[in-house]
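This report refers to the structure that appears directly beneath it.
The values are calculated or read from the model by the stated rules, or taken from the named source; none is laboratory data. Please read these numbers as outputs of a predicted model, since none were measured by experiment. We place every Cβ from the backbone using ideal geometry, glycine too, and count neighbours over all the protein chains shown. Surface accessibility is based on the protein's heavy atoms, side chains included, excluding ligands, DNA and RNA. Shrake-Rupley method; radii C 1.70, N 1.55, O 1.52, S 1.80 Å.
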Amino acid sequence: MNFEGHEQIDAMDFACRFFKARGGVVEDQGLTRDILLPEAAAQTLGMDEFFRVGPEAVAAEDRSKVHAVQLHTPLLDRMLTLAGESAPFARAELKFDYIKTQGFDRLIEDRFQFHKSKIRVIKTGEARTRYLVLTCRYTAQSDEIKQGLLEICVNLDTGVVIPDMAQGLSHVQKDFSVKKARGLNEKEIESIRTVVSRYGQDLVQERLASFVESMNRRFQRDTASLDAYYQALEKEMRQNLSRSGLSQDLVREREEKIAMIPAELAAKKKDLLNKYGIRIDFKPAAAMYLTSACVRVFVRLISGRNNADFTMIYNPVTKDMDPVACQSCGAGTYDIGLCPNLNINCLNCLG
């Protein structure tokens with residue numbers, strides 16, 4: 001009895017939050033709730049704009065007036081399906097008891113590599129920055145299927161991926177917002193698309209290393225078996241040609257079959273390649289928008305007589321400096337230099 005009661009409370013609570021999130025009005029009527037939904041939201045549920053929901057026991061008494069909200073009921077199943085169509089989006093503020101205030105010059109020297117240049121710290125200042133932790137689902141399909149989740153953490157103000165930050169977040173206090181979370185603007189969404197396309201496949205490949213190795217090994221094994229089979233077949237067919245008593249037509253027919261062996265072998269190998277080739281589907285599954293205190297470190301990069309000022313970010317989650325965004329390609333890097341146009345560039349863009 002207690003379990004059933006707890007189960008019903010959870011289901012009704014979810015339903016009410018679901019209706020409110022879609023612009024609905026919920027009025028408590030004791031065991032039941034009166035619901036008023038916008039027309040579009042009601043249509044997605046296949047409901048009238050005004051209806052009443054309640055426990056299965058109450059709905060059983062008058063199903064024409066009360067729709068049951070309980071596990072495995074049609075209405076709750078439709079709500080769960082709709083709730084799962086979009087990626088969950090959470091918003092939180094990171095809290096710290098202590099944030100580093102000095103020693104950044106040494107930390108920068110240890111973390112970064114400077115190409116034909118040197119760095120000088122000008123000043124520091126407490127600031128705030130924003131991060132997005134994007135949980136992505138990947139599916140690798142070949143002769144077998146491999147699925148999993150990975151997290152990409154991006155600084156929304158610089159557009160660079162922050163290595164190892166997602167793992168460190170489990171030890172940081174978070175103050176989650178109970179208000180409806182603001183989504184990302186178009187510029188931020190485009191930045192995330194760029195980051196996912198730039199880094200996503202590489203991160204997935206790291207997770208799939210053993211899977212790829214297994215598929216390659218099986219492809220090589222089956223390819224070797226095919227080669228051995230067709231070599232033996234060709235040898236046998238050529239030996240049969242030397243037999244006496246064969247008509248010219250039969251000899252010509254067998255020679256034509258021998259000539260077709262390379263094409264047939266190539267087609268079989270192509271089939272194997274399709275069988276063991278790996279197709280990767282990669283898409284976001286959830287997002288957590290974080291605001292965090294940080295330290296902005298204002299520095300000057302000096303190369304000969306040229307110099308340029310820019311800002312680095314100290315990350316209190318990783319207790320390290322975030323990578324710097326290359327001012328030419330946008331990629332995050334710890335290896336930087338000053339180009340002739342006075343841009344802070346990664347080694348690839350420096351040439």
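General observations
- Residue ranges of strands (runs of 3 or more DSSP E) in segment 241-351 with at least 1 members within 30 Å of Phe219 (Cβ to Cβ): 279-303
- On inspection, Glu236 fails the criterion of being over 30 Å from Glu253 (Cα atoms) and in a helix (DSSP H, G or I).
- Segment 267-295 - residue that is open to solvent by 60 Å² or more (accessible area, probe 1.4 Å) and free of Cβ contacts under 8 Å to residues at least 24 places away in the same chain and, of those, nearest to Cys153 (Cα to Cα): Asn274
- Those strands (runs of 3 or more DSSP E) of segment 107-164 in which 2 or more residues are open to solvent by 10 Å² or more (accessible area, probe 1.4 Å) and in contact with a helix residue (DSSP H, G or I) (Cβ under 7 Å, 6 or more places away or on another chain) occupy 118-141, 145-155.
- Failed item, numbered, when Tyr334 is tested on (1) modelled with pLDDT of 95 or more; (2) farther than 19 Å from Lys116 by Cβ; (3) open to solvent by 10 Å² or more (accessible area, probe 1.4 Å): (2)
- Selection from segment 72-106 of residues that are surrounded by 14 or more Cβ atoms within 10 Å (Cβ to Cβ), within 21 Å of Pro163 (Cα to Cα) and among the aromatic types (Phe, Trp, Tyr): Phe104
- Some residue of segment 172-187 being crowded, with 19+ Cβ neighbours inside 10 Å and touching a residue at least 12 places away in the same chain (Cβ under 8 Å): no
- Where a residue in segment 338-351 is in contact (Cβ under 8 Å) with a residue 60 or more places away in the chain and under 12 Å from Lys116 (Cα atoms) and its partner, wherever it lies, is assigned to a strand (DSSP E or B) and of a type in the set (Asp, Glu), with Cβ under 8 Å and at least six apart: Leu347/Asp335
- Test: Val53 is over 30 Å from Leu347 (Cα atoms), part of a strand (DSSP E or B) and not small (Gly, Ala, Ser): yes
- Test: Gly330 is over 20 Å from Gln167 (Cβ atoms), within 22 Å of the chain's Cα centre (by Cα) and among the small types (Gly, Ala, Ser): yes
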